[in-house]
Structures are given as C-alpha cells and as structure tokens.
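Structure record follows, encoded as structure tokens.
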Amino acid sequence: MINPQQSPSEITVFAPAKINVILRILDRRPDGFHNLWSIMQTVALEDEVQIRLRADRQDIQLRCDATQLAADQGNLVYRAATAVLARAQRSIGLDIELRKRIPMGAGLGGGSSDAAATIIGLNRLLRLEWSPTQMADVGQSLGSDVPFFLFAPSAFVAGRGETVRPVVVEGARWVVLVNPGFGVNTKWAYQELAATRTVVTPLSLVQRELDRQSRVSWAQLIAAAENDFETPVFAAQGKLREIKRSLQAQGAEIALLSGSGATVFGVFADEARARLAQARFVSEDLINVFVVPTCSGPLGW
C-alpha cells in the first residue's frame, strides 16, 4: 500500500477477471444496443498494470507481454490513459507495462479491468482525487464492463453497463475457470441471440427480489443464476455445453458461461472440491483451467 502522504511516481495495480453470476439480455435500446441486467463478481485471476510517470517527455509508451495484443492506440490501457490525461488536462509522459494473465476474448473482462486499473492508477499518481463515479464517467466510453471494475468486487450492472450498484455478496467461494482455447465474438453472440429467440423474457421474481437488496447470499445467487447467451452460444459450440455439464457433475453450485464466452466457470464451496474439478480437465489439449477465490475488495495495488 502506498503512503497517501507521499507523491509516488510509479504504481502497480492488479486487475482481476470477472464472472457474470447472472446475465440477462433484455430489450433493444433506441441506440441499437441492448439493455442488460447482471450481477458481476471479481475473481483472483489478475493482470498487472504498472504505470510510471515521466516528466522528461509527454508521450505514452506501452509494453505488453502478450504478443498478440497491440501495444498502441488500439489497446484499452493506452486509450484509458489518454482519456484520463485529457479529462485532467495534464501533459506528462507515461511508461506503462501490461502483464497479461487473463485470457483474451474470454468473457472475463480482462481488457476492461486493465482499463479500470489504468484509471485508478493514474487517479492515485496524479492525485486527482476522483470518486469511483467520476472514474466511471471516463471508463464508460471505453467499454461497457469498465465501470463495473471501478465499483468491484461485486455489483448489479444495468443499462449498457453504465448503471452500477455495488452489492455485498456474503461469504467466499472458489471458482474454476475453464477456457477452451478459442473465443466467442460478442457481436456475433448478440446477433445470434436476437435471431433465435422469439420473445424477451423479463426478470424472474427471484431476480427482481435480488435487485432490491444491498446484501445477497450465495444461496440466493445460486437460485437466480442464468446467462441468456448460453442457448445460442452452446448451439454453435457444443464443447462449451460439455464443459458446463462436467463442472455440474463435479459438484459445482453454479456452472455458467461468463459473458458471451467462451470461458465457462464453476462455483464451489471450498478449494478442495474446486481442485478436484480442475483435475477433470488437465489432460485435455488447448484447455486452460484456473482455480481462484472470489475477491473481497476493490482493485488493489
């Protein structure tokens, strides 16, 4: 932890992955996007965003250890840094190093979390003293999941993702993240969902009850767990349905697609059961499996 009395020139922020314990895709908005309703929870699979202030120049230099990820203006970290400097009306050079651990295009929000970590880090380094709401105003232009990470570890998310209400999820769980080694295009998933369903199902009674609460239990979440993307995505990618069934067979309290995929996660009451479930996938080629606890605090450094 950094002493707030000091004025640091370097900070490393840990950017966690997220899972959607519930993800409902509702009506289409006038702007062409869909309203969503979700409960998101961060888990301790983390990227690292290291930021160093450089007073000797005024450009942003980004390095990333994932060679398939652009380290330029197309990267969400670069765009987040640019947006913060513009909003703060500051001209200063930045050296940023992004160390990736969260699989990309996996439904785990890695890019959005990295962007949020960049905003949080610069808020501290530049002593801007922005509130989470002010930081979220910057983040929502970068991606629909970015505001959530500024209110982590758990929250209700609605609208396009800009409406975030923190919620306390009582108790901890262990999560098995099974990434199949391929991605699912989010735009395609939305198109398939719109093309294959005949009606938009409203929130269930259980989900509406949850929406009124500031504290929820895992038992309540288990009763309401659902992801509207599963039907169209599983129809196209049967392997993901197999992964879900396998996690359920191993005793997962919840097994769901996260986001639009392609990661499928299982929630377990303890680490021992999670490790047993992990072992089921060890021999399978291309699949990456992570066993991590749920997070209990905000993005940290």
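Read-outs throughout are calculated quantities, based only on the coordinates presented, and are distinct from any laboratory measurement. Remember, it's a predicted structure, so these values are computed and weren't measured experimentally. Cβ: placed from backbone, ideal geometry, glycine included. Neighbour counts: every protein chain shown.
Amide H to amide H distances under 5 Å link Arg54 with Gly93, Leu94, Asp95, where only residues 5 or more positions off or on other chains count and H is placed in the peptide plane. Couplings 3J(HN,Hα) for region 98-107, derived from phi with the Karplus relation 6.51 cos²θ - 1.76 cosθ + 1.60 (θ = phi - 60°), are 10, 10, 8, 10, 7, x, 8, x, 10, x Hz, where x marks Gly and Pro. Does region 131-183 come out rounded, prolate or oblate, given a ≥ b ≥ c as the square roots of the eigenvalues of its C-alpha gyration tensor, rounded meaning a/c under 1.5 and, failing that, prolate meaning a/b above b/c? Here region 131-183 falls in the oblate category. Converting phi to 3J(HN,Hα) with the Karplus coefficients 6.51, -1.76 and 1.60 and the offset θ = phi - 60°, region 74-88 yields x, 8, 4, 5, 4, 5, 5, 4, 4, 5, 5, 4, 5, 5, 7 Hz in sequence order, with x at every glycine or proline. Gyration tensor analysis over the Cα atoms of the chain returns equivalent ellipsoid semi-axes of 32, 21, 19 Å (largest first, whole Å). Under 21 Å of direct C-alpha separation, and excluding same-chain neighbours fewer than eight residues apart, Lys100 reaches these lysines: Lys18. Close amide H partners of His34, meaning residues 5 or more places away or on another chain with modelled amide H under 5 Å apart, are Arg29. The relative contact order of region 15-129 comes to 32 percent, based on Cα pairs under 8 Å that sit 6 or more residues apart.
Computed over the alpha carbons of region 169-293, Rg followed by Dmax gives 15.3, 44 Å. For region 169-293, the relative contact order is 43 percent, taking Cα pairs closer than 8 Å that sit 6 or more residues apart in sequence and dividing their mean separation by the residue count.
Computed from backbone phi, the HN-Hα couplings of region 161-167 come to x, 7, 8, 10, 10, x, 9 Hz, rounded to whole numbers (Karplus: 6.51 cos²θ - 1.76 cosθ + 1.60, θ = phi - 60°; Gly and Pro given as x).
The residue among Ala194, Phe234, Leu256 whose Cα reaches farthest toward the positive pole of the charge dipole of the chain, with charges on the beta-carbon of Lys, Arg, Asp and Glu, is Ala194.
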